[in-house]
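I have placed the structure first, in the form of structure tokens, so that the comments after it can refer back to it.
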Amino acid sequence: MCPVISLRGCITPAACAAFVHVAVPIAVGGGIYFVFRDPTLLMFRWVSWIGGLDVVNYARSACAGWSLPTAVRFSLPDALWVYATTSWLHLIWRGHGSTLQNPWVYSGFALSVGGELGQACRFVPGTFDPIDLIGSALAFLASLLVFRRNT
Amino acid sequence: MTTSNARWVSLLAIVIMVFLAFGSTDDDNASSPATYKANKTDAWIMAEKFVNDRLKAPGTADYGSVFGEYQDPKVCVSELGENRFRCRGWVDAENAFGAKLRQRFDLTLNYTESDQKWRLESFEFLEW
């Protein structure tokens, strides 16, 4: 059953699950980046191309007085990315056997861990942070729990 | 969904997610001191940080929000040229006695391109 009451009956359960477990985490993670992170990130150029920079600037100035804990500002978006990726792959492979499903479902977490380790070895741009790894692992487990419980 | 289709859709999903993650990396052009352009929004954000540094209880500072009184940087910030900005606004914050008061501030900032830093030129809390 769709947890978003207003969407109940309007869209299929799979689309509702995609909204709740994929779109919402990506939107929240992206929102944290847009509002609380440095405007020199590539995503600011993208949003400028589509004409959304005014909206982003409005949100940034409105939230400028807020301070988020470092873990929320820097690690939560990564964890939400892992949760959304794992959940999306779960949804795609729902109904298939675990032998087929598992390698795909684990790929989001593997990419995240690979990226972090790449940062540690300076192959990947960015700063290695063990909190990111812990957050990603927790997000991966949360997605596994949610979808394994429902299948 | 057939196994073959699921494989292709999974690949597409991973490509989309990696693309989104790529957006969180530094834009080499924007982070270059030569091309980053200081703007009113960034000046306002920095102004709030400088004001917070001068408050007795910065944790209680409230500059309004989209849900209440909104101080639009386009209105509150004036460009003085050569990366200098004048910011005028207000902040609600607790004073030393725990009373929440509104204070007006007027400050001037400048952005130095060579070291990518914002500096405070002048600062004043104004009487109402």
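Readers should treat all values here as calculations from the given coordinates under stated rules, not as data from a laboratory. These figures come from a predicted structure and were not determined experimentally. Glycine also receives a Cβ, built like all others from the backbone with ideal geometry; neighbour counts cover every protein chain displayed.
Test of understanding: in a Gaussian network model of chain A with alpha carbons linked when under 10 Å, which of A:107, A:75, A:67 would top the mean-square fluctuation ranking?
Evaluated over chain A, the most mobile residue of the options is A:67.
Per Stokes-Einstein, at 4 °C and 1.567 mPa s, what whole-number D in µm² s⁻¹ belongs to the protein assembly as shown, with the Kirkwood radius over Cα pairs as the hydrodynamic radius?
Numbers: Rh = 21.3 Å.
Rounded to a whole number, D works out at 61 µm²/s.
Starting from the 7 Å offset along Cα-to-Cβ, what nm value, one decimal, do you get for the label separation of residue A:27 and residue B:75?
Result: 2.8 nm between the two label points.
Using a basic spin-label model with each label point 7 Å from the Cα along Cα→Cβ, how many nm lie between residue B:11 and residue A:20?
3.2
Across the protein assembly as shown, how many lysine pairs separated by 8 or more positions, or lying on different chains, have Cα atoms within less than 23 Å?
Count of close lysine pairs: 11.
Using only the alpha carbons of segment A:1-141, what is the convex hull's orientation-averaged projected area in square nanometres? Before the final figure, lay out each step's value.
Values: hull surface 42.8 nm².
Hull-based average projected area comes out at 10.7 nm².
With 10 angstrom as the radius, rank B:44, A:66 by how many other C-beta atoms surround their C-beta, starting from the fewest.
Numbers: B:44 24, A:66 13.
The fewest-first ordering by Cβ neighbours comes to A:66, B:44.
Given A:44, A:21, A:110, which one lies farthest toward the positive end of the charge dipole of the protein assembly as shown, if we put +1 on the Cβ of every Lys and Arg and -1 on the Cβ of every Asp and Glu?
Most positive-ward Cα: A:21.
Can you tell which of A:91, A:42, A:133 shows the greatest fluctuation in a Gaussian network model of chain A with Cα springs below 10 Å?
Maximum fluctuation in the GNM of chain A, among the listed residues, is at A:42.
Applying 1/(1 + (r/R0)^6) with R0 = 41 Å to the Cβ-Cβ distance of residue B:100 and residue B:26, what FRET efficiency is obtained, to the nearest 0.05? Mind dumping the intermediate values first?
On the way: r = 39 Å, r/R0 = 0.96.
Once rounded, the FRET efficiency stands at 0.55.
So which residue, out of B:91, B:77, B:15, gets the largest mean-square fluctuation from a GNM of chain B using Cα contacts under 10 Å as springs?
Of the options given, B:15 has the highest mean-square fluctuation.
At 222 nm, what helix-only mean residue ellipticity would chain B give, in deg cm²/dmol to the nearest 500, using -39500 (n - 2.57) for each DSSP H run of four or more? Mind dumping the intermediate values first?
Working: 3 runs with 38 residues, N = 128.
It comes out at -9500 deg cm²/dmol, rounded to the nearest 500.
Arrange the following residues from fewest to most other Cβ atoms within 10 Å of their Cβ: B:19, B:125, B:97. Spell out each step's value before the answer.
Numbers: B:19 10, B:125 13, B:97 7.
Listing B:19, B:125, B:97 from fewest to most nearby Cβ atoms yields B:97, B:19, B:125.
Quick one: if the Förster radius is 35 Å, what FRET efficiency do residue B:19 and residue B:65 give, using the C-beta to C-beta distance and rounding to 0.05?
0.65
Calculate, for residue A:102 and residue A:131, the FRET efficiency according to 1/(1 + (r/R0)^6) with r their C-beta to C-beta distance and R0 25 Å; round to the nearest 0.05. Spell out each step's value before the answer.
Details: r = 27 Å, r/R0 = 1.06.
Computed FRET efficiency for residue A:102 and residue A:131 comes out at 0.40.
If you place +1 on the Cβ of every Lys and Arg and -1 on the Cβ of every Asp and Glu, how big does the dipole about the Cα centre of segment A:4-151 come out, in debye to the nearest 20?
Working: 9 positive and 6 negative charges, 66 e Å.
With only Lys, Arg, Asp and Glu charged at Cβ, the dipole is about 320 debye.
So how do B:40, B:100 line up by other beta-carbon neighbours within 10 Å, fewest first?
On the way: B:40 20, B:100 12.
Ascending number of Cβ neighbours within 10 Å: B:100, B:40.
In sequence order, what are the phi-derived ³J(HN,Hα) couplings for segment B:17-24 according to the Karplus relation 6.51 cos²θ - 1.76 cosθ + 1.60 with θ = phi - 60°, rounded to whole Hz, with x for glycine and proline?
Couplings: 5, 5, 4, 4, 5, 4, x, 8 Hz.
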